[in-house]
Amino acid sequence: MSSKPLTLAEKLWRDHLVLKGENGAPDLLYIDLHLIHEVTSPQAFDGLRLAGRDVRRRDLTIATEDHNTPTQDIHLPIVDPTSRAQVQALRDNTRDFDIRIHSLGDKNQGIVHVVGPQLGLTMPGLTVVCGDSHTSTHGAFGALAMGIGTSEVEHVLATQTLPLQRFKTMAINVEGTLRKGVSAKDIILAVISKISTGGGQGYVLEYRGSAIRSLSMEGRMTICNMSIEAGARAGIIAPDQVTFDYLKDKPHAPQGTDWDQALKDWSELTTDPDAVFDAEVFIDADTLDPFVTWGTNPGQGVSLMDSIPDPDSFDDPSQKAAAIKALAYMDLKAGTKMKDIAVDTVFLGSCTNARIEDLRAAADIIRGQVMAPGIRMMVVPGSQKVRLQAEEEGLDKVFVDFGADWRFAGCSMCLGMNPDQLAPGERAASTSNRNFEGRQGKGARTHLVSPMVAAATAIRGTLSSPADLEQ
Amino acid sequence: MEKVTQFTGTGMPLKISNVDTDQIIPAVFLKRITKTGFEDGLFANWRQNPDFVLNNPSYQGAEVLVAGSDFGTGSSREHAVWALRDYGFKAVFSSKFADIFLGNSGKQGLIAGVITDADTETLWGHIEANPAAKITVDLPSQEIRVNEVVIRFEIDEYTKWRLTEGLDDIGITLQSEDAIAAYEAKRESWKPKTLPAKGV
């Protein structure tokens with residue numbers, strides 16, 4: 001029937017086309033799922049009110065509170081009045097427009113990109129949007145998932161569609177077997193380091209290869225989550241049995257004949273064998289080390305076994321200038337071994353690495369171990385449900401015995417919109433996604449790491465891999 | 001939306017690459033629920049350094065920001081565009097923009113034009129040599145004119161059309177409501193609905 005071989009992303013585009021754009025106009029795409037949180041939505045709801053418009057499909061829309069929410073004393077009113085007002089605005093708006101919301105205290109409250117998948121609302125073959133750049137997370141299911149701005153949030157609320165310019169496609173081929181102590185986070189940090197923070201611009205990245213296929217859904221979400229850190233429009237992984245097994249018992253998974261039909265449709269969601277990508281990248285999983293960042297953008301990363309690069313080693317003058325600026329901000333010197341960098345804080349959390357598997361991986365390493373002196377470790381589950389599951393498995397006890405703070409769910413120290421921040425000059429090993437200047441607090445210094453590296457670092461006090469504990 | 005066509009103003013050189021939206025407006029300023037009044041958040045952390053270009057009196061009142069490559073990376077916050085707009089910028093030029101920032105600019109009437117690295121250097125040179133130099137930004141012809149120099153900038157045709165006509169995206173889309181309804185009628189029944197709520 002179809003003649004031209006297509007990539008997975010191109011198939012999803014074709015399947016959601018409401019109107020094809022003429023004369024340079026963008027295509028109009030239908031949106032299957034719209035996730036909302038308190039930071040990027042208030043002005044969108046105001047826009048609807050001003051124009052006298054309603055929400056077109058409240059049954060394809062869901063809200064939760066995550067960016068501003070405290071991770072302690074959640075039964076008390078939010079202390080910061082501006083945070084409190086923003087959360088209240090979301091509650092008022094979802095009440096006025098009759099939209100489902102999971103508020104603080106609810107077991108489905110949490111980071112929006114953890115909540116969608118755990119409810120089984122994120123599934124293959126969908127278009128998913130949210131006013132948050134890490135919406136790319138949902139691409140792990142074989143969905144076309146994109147972060148959007150507030151004007152676009154309003155557009156989707158009013159029309160359930162978005163005008164979108166076509167994208168290019170890039171294959172990220174990751175072949176081989178990850179060694180012990182190396183995880184999905186290390187793959188994506190290596191990818192961003194290789195193609196740079198702007199390398200994915202205009203592209204949808206499709207992650208392929210044996211190393212991707214052998215990842216759990218949690219690992220795949222970690223990878224797709226950080227596609228935006230390479231500047232990409234989206235990241236995507238073709239669904240397979242791992243995806244179907246993950247979805248099977250989720251609350252909103254299709255039932256009965258719908259499940260059968262869904263499986264049939266989902267099995268076609270692969271890139272055709274003869275399809276051509278606009279660009280291809282290859283990563284060798286066999287030789288990959290734990291990967292960490294030394295600078296102030298996620299592309300400034302190296303193997304944990306390496307040293308901080310000399311800015312003079314960059315050919316590109318703007319990259320060289322960026323490295324000099326980053327090292328000054330980070331208070332680091334070229335040539336310093338990554339493993340010699342001591343941290344003050346370890347943060348285990350964020351939409352990148354706060355799912356149950358991430359907590360298990362870290363708990364397995366710290367169980368029965370002692371935290372390095374002077375370290376503060378904060379563990380913030382991605383959702384209340386993850387927190388409850390972790391407690392069921394006794395992971396909370398492992399963290400608390402180790403001396404870590406066991407918190408309630410939210411975005412927390414990933415961006416410090418709530419009180420969870422680093423003090424000026426403090427240095428963190430963080431499982432989050434951005435090491436930008438001031439991201440985790442004014443003057444704060446961030447090293448992006450995997451949950452396993454975070455755990456090993458908390459034990460040794462310096463950036464460490466789990467293997468270092470055995471020596 | 002107001003029509004955007006041509007204006008003349010002065011420029012400001014932001015000689016930094018990889019300016020992410022956390023630098024354009026730190027997260028602490030995102031808690032507001034209004035759509036205006038974000039000018040104090042613009043580059044709030046960098047502004048605490050007296051040597052930062054925004055604090056240079058020579059560039060006060062600038063309406064054209066010329067930045068290094070990879071501008072607007074990171075978070076999707078439209079507040080970054082609101083902050084630039086509220087501060088008084090009407091156009092920002094760079095050799096490379098993050099996609100979401102580019103989209104957000106187009107929604108708010110902020111011209112985000114792509115120029116070459118060489119033209120970035122040229123503009124920086126003109127602005128630094130004479131901060132009062134008048135720069136004309138002409139959207140229909142996609143030209144930046146300063147002194148006797150003419151620099152072409154790239155912007156996608158659709159965004160240019162919408163800006164010059166002052167059109168509202170939602171209004172345009174709602175003209176296609178029949179097509180949306182027709183699409184909805186054939187959506188697969190296995191696709192998820194958030195209502196009635198399950199798993200609560």
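On the given criteria, is A:Arg213 at the interface with chain B (Cβ under 9 Å from one of its Cβ atoms), among the basic types (Lys, Arg) and either more than 26 Å from B:Asp156 (Cβ to Cβ) or within 17 Å of the chain's Cα centre (by Cα) (or both)? Break it down stepwise before answering.
Details: at the interface with chain B (Cβ under 9 Å from one of its Cβ atoms): no; among the basic types (Lys, Arg): yes; either more than 26 Å from B:Asp156 (Cβ to Cβ) or within 17 Å of the chain's Cα centre (by Cα) (or both): yes.
Judged against the criteria, A:Arg213 is not a match.
Matching residues to (1) among the hydrophobic types (A, V, I, L, M, F, W, C); (2) farther than 22 Å from B:Phe97 by Cβ; (3) more than 8 Å from chain A (Cβ to nearest Cβ); (4) touching a strand residue (DSSP E or B) at 6+ places or on another chain (Cβ under 9 Å):
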site: B:Val137; (1), (2), (3), (4): yes, no, yes, yes
site: B:Pro140; (1), (2), (3), (4): no, no, yes, yes
site: B:Val146; (1), (2), (3), (4): yes, no, yes, yes
site: B:Glu154; (1), (2), (3), (4): no, no, yes, yes
site: B:Leu167; (1), (2), (3), (4): yes, no, yes, no
site: B:Ile170; (1), (2), (3), (4): yes, yes, no, no
site: B:Thr173; (1), (2), (3), (4): no, yes, no, yes
site: B:Ser176; (1), (2), (3), (4): no, yes, no, yes
site: B:Ser189; (1), (2), (3), (4): no, yes, no, no
Within the range B:33-47, track down each residue that is touching a residue at least 40 places away in the same chain (Cβ under 8 Å) and within 7 Å of chain A (Cβ to nearest Cβ). B:Lys35
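For the range A:392-407, what are the residues that are among the charged types (D, E, K, R), over 9 Å from A:Val379 (Cβ atoms) and touching a residue at least 24 places away in the same chain (Cβ under 8 Å)? Reasoning before the result, please.
Residues of the range A:392-407 that are among the charged types (D, E, K, R), as a first pass: A:392-393, A:396-397, A:401, A:405, A:407.
Going one step further and asking which of them are over 9 Å from A:Val379 (Cβ atoms), we end up with A:392-393, A:397, A:401.
If the condition is that a residue be among the charged types (D, E, K, R), over 9 Å from A:Val379 (Cβ atoms) and touching a residue at least 24 places away in the same chain (Cβ under 8 Å), then A:Glu393 is the only one that fits.
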Answer with yes or no whether A:Pro309 is crowded, with 20+ Cβ neighbours inside 10 Å and within 20 Å of A:Glu229 (Cβ to Cβ). no
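Counting just the residues of the range B:175-194 that are among the polar types (S, T, N, Q) and under 15 Å from A:Leu28 (Cα atoms), which one comes out surrounded by the most Cβ atoms within 10 Å (Cβ to Cβ)? It would help to see each step written out before you state the result.
So in the range B:175-194, the residues among the polar types (S, T, N, Q) come out as B:175-176, B:189, B:194.
Within this subset, residues satisfying the condition of being under 15 Å from A:Leu28 (Cα atoms) are B:175-176.
Numbers: B:Gln175: 8, B:Ser176: 17.
The selected residue is B:Ser176.
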Could you list, in sequence order, all residues of the range A:274-294 that are within 15 Å of A:Pro5 (Cβ to Cβ) and out of contact with any strand residue (DSSP E or B) (no Cβ under 6 Å at 6 or more places or on another chain)? A:Asp274, A:Ala275, A:Val276
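For the subset of the range A:15-57 comprising residues that are out of contact with any strand residue (DSSP E or B) (no Cβ under 7 Å at 6 or more places or on another chain) and of a type in the set (Ser, Thr, Tyr), which member is nearest to the other protein chains (Cβ to nearest Cβ)?
Just the residues of the range A:15-57 that are out of contact with any strand residue (DSSP E or B) (no Cβ under 7 Å at 6 or more places or on another chain), to begin with: A:15, A:22-25, A:38-54, A:56-57.
Okay, now just the ones that are also of a type in the set (Ser, Thr, Tyr), so A:40-41.
On the way: A:Thr40: 7, A:Ser41: 9 Å.
Ranking the qualifying residues of the range A:15-57, first place goes to A:Thr40.
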Condition (residue is crowded, with 22+ Cβ neighbours inside 10 Å and β-branched (Val, Ile, Thr)) applied to the range A:397-410: is it met by at least one residue? yes
Pairs, please: C-beta under 6 Å, at least 6 apart or cross-chain, first residue in contact (Cβ under 8 Å) with a residue 24 or more places away in the chain and in the range B:134-156, second surrounded by fewer than 16 Cβ atoms within 10 Å (Cβ to Cβ) and among the basic types (Lys, Arg)? B:Gln142/B:Arg152
Within the range A:231-242, which residues are touching a residue at least 40 places away in the same chain (Cβ under 8 Å) and within 14 Å of chain B (Cβ to nearest Cβ)? A:Ala232, A:Arg233, A:Ala234, A:Gly235, A:Pro239
Counting only residues that are more than 9 Å from every other protein chain (Cβ to nearest Cβ), touching a residue at least 24 places away in the same chain (Cβ under 8 Å) and over 22 Å from B:Glu157 (Cα atoms), give me the strands (runs of 3 or more DSSP E) lying completely in the range A:136-193 with at least 1 of them. A:144-147, A:168-175
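State all residues of the range A:236-246 that are touching a helix residue (DSSP H, G or I) at 6+ places or on another chain (Cβ under 8 Å) and outside any loop (DSSP other than H, G, I, E, B); if no residue qualifies, say none. Full working, then the answer.
Step one: of the range A:236-246, the residues touching a helix residue (DSSP H, G or I) at 6+ places or on another chain (Cβ under 8 Å) are A:236-240, A:242-244, A:246.
Within the range A:236-246, A:Ile236, A:Val242, A:Thr243, A:Phe244, A:Tyr246 meet the criteria.
From the list A:Asp344, A:Asp358, pick out the single residue that is surrounded by fewer than 24 Cβ atoms within 10 Å (Cβ to Cβ) and acidic (Asp, Glu). Walk me through how you get there before you give the answer.
On the way: A:Asp358 fails: surrounded by fewer than 24 Cβ atoms within 10 Å (Cβ to Cβ).
On inspection, the qualifying residue turns out to be A:Asp344.
Quick note: the coordinates plus some simple rules give every number you see, no bench work behind them. The shown structure was predicted, so the numbers you read here are calculated from the model rather than taken from an experiment. Cβ atoms come from the backbone with ideal geometry, glycine included; neighbour counts cover every protein chain shown.
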